[in-house]
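Sharing a structure below in structure tokens format, with a few things to ask.
No lab work stands behind these numbers, since they all come straight from the coordinates. Just so you know, these numbers come straight off a predicted model, no measurement behind them. Every residue, glycine as well, gets a Cβ built from its backbone with ideal geometry; the counts of neighbours run over all protein chains shown.
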Amino acid sequence: MKLPDIEDLNPDHLSVYRERAAAATEQWHAMRSNTDALQQELAAVRGTATSPDGYVSAVVNLQGLLQELDLDPRIYRYTDSEALAASVKNTVQKATEDATQRAQAAMDARGPGHSLVGLMRGEIPDFSGGDGASAAF
């Protein structure tokens with residue numbers, strides 16, 4: 001694309017470009033602010049679950065990393081260590097599912113087109129607050 005000669009530039013066109021640049025800058029700052037808020041919200045997500053017998057409770061973060069594990073003293077009544085291990089594993093899995101649902105709810109609150117899976121794949125959500133269309137430049 002060939003740029004026009006400086007003598008051919010219309011001052012009225014320059015003001016339009018300045019306005020568009022200012023609007024784009026404002027939109028970028030808003031998107032950045034929303035992205036930062038979303039990152040903080042997702043970092044705070046915790047999922048919780050308790051085993052059906054109530055002996056095992058787990059809290060995990062969004063990545064599924066165990067943050068808390070509470071074992072009721074009644075677990076010592078278990079004579080089957082494999083059953084106890086399975087209970088812990090299943091409870092942690094349920095807590096991870098809960099964390100994922102909470103994170104998706106945070107994404108859904110921002111409107112359609114905000115997918116947690118997409119975010120994890122590196123897709124950038126549209127925080128423009130509009131219809132999903134990007135600003136014209």
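Give the peptides 20-30, 85-95 in descending order of average Cβ contacts within 10 Å, highest first.
Sorting 20-30, 85-95 by mean packing, highest first, produces 85-95, 20-30.
Between GLN67 and ASN10, what length in nm is gained on full extension when 0.36 nm per residue of separation is reduced by their alpha carbon distance?
Full extension from GLN67 to ASN10 adds 14.3 nm.
Using θ = phi - 60° and the Karplus relation 6.51 cos²θ - 1.76 cosθ + 1.60, list the HN-Hα couplings for region 28-37 in order, rounded to whole Hz, with x at every Gly or Pro.
4, 4, 5, 5, 5, 4, 5, 5, 4, 5
Follow-up question, since we're still on this one. Considering only the other residues whose Cβ falls under 14 Å of the Cβ of THR25, what net charge follows from Lys and Arg at +1 and Asp and Glu at -1?
Net charge in that neighbourhood comes out at +1.
Mind checking the full-extension length gain between THR79 and GLU26? Use 0.36 nm per residue of separation minus the Cα-Cα distance, one decimal, nm.
12.7 nm
Where in region 37-70 is the amide nitrogen less than 13 Å from a point lying 7 Å along the Cα-to-Cβ axis of ALA109?
It comes to 37-46, nothing else.
To continue, here is another question. Can you tell which of THR48, THR79, GLN63 lies farthest toward the positive end of the dipole of region 43-123, using +1 and -1 charges on the Cβ of basic and acidic side chains (Lys, Arg; Asp, Glu)?
So the residue we want is GLN63.
Taking the Cα centre of region 43-123 as origin, sum charge times position over the Cβ atoms of Lys and Arg (+1) and Asp and Glu (-1), and report the length of that vector in debye to the nearest 20.
180
Mind sorting ASP98, ASP36 by how few other Cβ atoms lie within 10 Å of their own Cβ, fewest first?
ASP36, ASP98
Taking θ = phi - 60°, what integer Hz values does the Karplus form 6.51 cos²θ - 1.76 cosθ + 1.60 yield along region 41-52, in sequence order, with x for Gly and Pro?
5, 5, 5, 8, 5, 10, x, 10, 7, 10, 5, x
Right, here's the next one. Taking θ = phi - 60°, what integer Hz values does the Karplus form 6.51 cos²θ - 1.76 cosθ + 1.60 yield along region 66-83, in sequence order, with x for Gly and Pro?
5, 9, 8, 9, 10, 10, 5, x, 5, 4, 5, 7, 5, 9, 10, 5, 5, 5
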